[in-house]
Amino acid sequence: MAGATLNGSNISSRQEQIIALVRERGFATLETMAEKFGVSQQTVRRDVIHLSKANLLQRHYGGAGLPPGINNLSYTNRQVKNADEKLLIGEAVASYIPDGASLFIDIGTTTEAVAKALLDHKDLKIITNHIRIVSILCENTSFEIILSGGLVRNRDWAVTGESTTEFLREFRVGYGIFGAGALTDDGQLLDYDYRDAQTSRVAREISRCKIVVIDHSKFNADAMMPFANVAEIDRLYTSQTPPVPIVNSIKKAGTQLVVVTDS
């Protein structure tokens, strides 16, 4: 198939589509790509190897993600996607958080919506590993804001790595607000990046009340790094009723499901 030249490398039309898929989702498994493009996983693996050598993708076990230093287009697209739903979720979570509370707020566009909704609160003490969230929260001068140490990831301004997790272990907070890349039928919460998943696991441990916020597009989405099961969180906020298997997993876990609508 005819293709194009990117970063000095010739790529096929299928490889262009693979890049587009990964940029849209942040991560895609070999299985998903093989099924979508009608080829074997071995063929997709060769494509991913070729694209990673050209720094167009980053190889991960079982799939591919965005390379370090990629521009922020993907994050900007995620901010726009389902923005109204995220706004409603953010407002619902904010109404549950009392003034004077201590929180951890994870990276993500839905957690960012929570941060915006918290601006009318008073005297919050907030730890985050997301520079964008810090920039939002600084509008309220009564907040005490702590940004974790670590490596800044250019594409979304997240702070990650071992320094981040070690830093977080020094704290205890009343509420932890977490996003997720996917929620599976069996109640697994997953992320796209192993560093983000590790940070979320540690932050969950330091939070007394654990809250996950996801829009409906995350139901059985294509992420691969587990950081929690619904049995390990207290409340899950979402914008639509999940599929029956997910609802059953949440009920079995005894986790509070909050479905937020604009009606």
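Observations
- Cross-link check: pairs Lys125/Lys252; Lys116/Lys218; Lys116/Lys210; Lys53/Lys218 evaluated at a Cα-Cα cut-off of 23 Å; pairs beyond the cut-off: Lys125/Lys252; Lys53/Lys218.
- Along each principal axis, Cα extent of the range 4-67, largest first, Å: 28, 20, 19
- Order by protection proxy (mean Cβ within 10 Å, highest first), peptides 202-212, 251-261: 202-212, 251-261
- Ordering Val202, Leu236, Leu56 by the projection of their Cα atoms onto the charge dipole of the chain, which places +1 on the Cβ of Lys and Arg and -1 on the Cβ of Asp and Glu, puts Leu56 at the extreme positive end.
- Equivalent ellipsoid dimensions for the chain as semi-axes, Å, which come from the Cα gyration tensor, largest first: 33, 21, 16
- Inter-part distance where the range 167-217 and the range 219-263 are each reduced to a Cα centre, Å: 12
- Cβ charges +1 (Lys, Arg) and -1 (Asp, Glu), total dipole of the chain, debye: 560
- The orientation-averaged projected area of the convex hull spanned by the Cα atoms of the range 138-263 comes to 8.9 nm².
- Percentage, to the nearest whole number, of Cα pairs in the range 159-228 over 20 Å apart: 26
- Using θ = phi - 60° and Karplus 6.51 cos²θ - 1.76 cosθ + 1.60, couplings along the range 143-149 (whole Hz; Gly, Pro as x): 7, 9, 10, 10, 9, 5, x
Every number in this text was worked out from the coordinates using simple rules, so none of it is lab data. Not measured: the values here are computed from a predicted model. So basically every Cβ, Gly included, is an ideal-geometry build from the backbone, and we count neighbours across all protein chains shown.
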